[in-house]
1. If packing is taken as the average count of other Cβ atoms within 10 Å, what order do 106-112, 23-29, 118-124 fall into, highest mean first?
2. Can you bin region 23-72 into rounded, prolate or oblate? Criterion: square roots of the alpha carbon gyration tensor eigenvalues sorted a ≥ b ≥ c, rounded for a/c under 1.5, prolate for a/b above b/c, oblate for the rest.
3. Rounded if a/c is under 1.5, else prolate if a/b is larger than b/c, else oblate: which is region 75-128, with a ≥ b ≥ c the root eigenvalues of its Cα gyration tensor?
4. Which net charge results for the neighbourhood of G100, defined as the other residues with beta-carbon distances under 14 angstrom from its beta-carbon, given Lys and Arg at +1 and Asp and Glu at -1?
5. Over the Cα atoms of region 50-100, what radius of gyration and what Dmax do you get, in Å?
6. If a/c stays under 1.5 just call it rounded; otherwise compare a/b with b/c (prolate if a/b is bigger, oblate if not). Do that for region 33-122, with a ≥ b ≥ c from the square roots of the Cα gyration tensor eigenvalues.
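Read-outs throughout are calculated quantities, based only on the coordinates presented, and are distinct from any laboratory measurement. These figures come from a predicted structure and were not determined experimentally. Glycine gets a Cβ as well: all are built from the backbone with ideal geometry, and neighbour counts include every protein chain shown.
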Amino acid sequence: MGGKPFGKAPGAGGARRRGQGELEAQVLAALHDAPSPASAAWVQERLGGDLAYTTVMTILSRLHAKQAVTRERSGRAYLWTPAADEAGLAALRMRRVLDGEPDRDAVLTSFVSALSAHDEQLLRALLDRATTGDDDGDDDPADATATAAEAPATPARHHPSDEARGG
């Protein structure tokens, strides 16, 4: 039991070992492709069947704990659905990483200082729209891009990342 996995040793033939993050991404991709809430068996089948059912259930349970998927009872089983689209799931991962850091200011400053000029303009426009309540609810990225294109004409707010850039 000394911590070694059961089954074939690594490199002893068979498929390469996938990391947990890769499996989670594959399971989420399968759920996004599903026409309706899907069972673990359906997900297992879509992933090629080389994963054990229990492995698929473990990944789904971890995703549920991370609030990346929802589930509903269907008889004795669950039917699984992604909690958000790909962008929403990426944002959830980013918030989770940020929540796990003791110095949020430093992390955000470092993140913002590494953005491209276009991404910075887009982020500024999104923040401005969020603070002015100019969200019409349609979540159209073109709105933020249009606002970002106009951003240089408006005075920029002072932001902690400005010091990180020497501004």
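1. Highest to lowest by the protection proxy: 23-29, 118-124, 106-112.
2. In terms of gyration-tensor shape, oblate.
3. Note, shape of region 75-128 comes out oblate.
4. Working: positive: K66, R93, R95, R96, R104; negative: D99, E101, D103.
Once positives and negatives cancel, what remains is +2.
5. Over region 50-100's Cα set, Rg and Dmax evaluate to 12.6, 38 Å.
6. Since a/c reaches 1.5 and a/b is larger than b/c, the shape of region 33-122 is classed as prolate.
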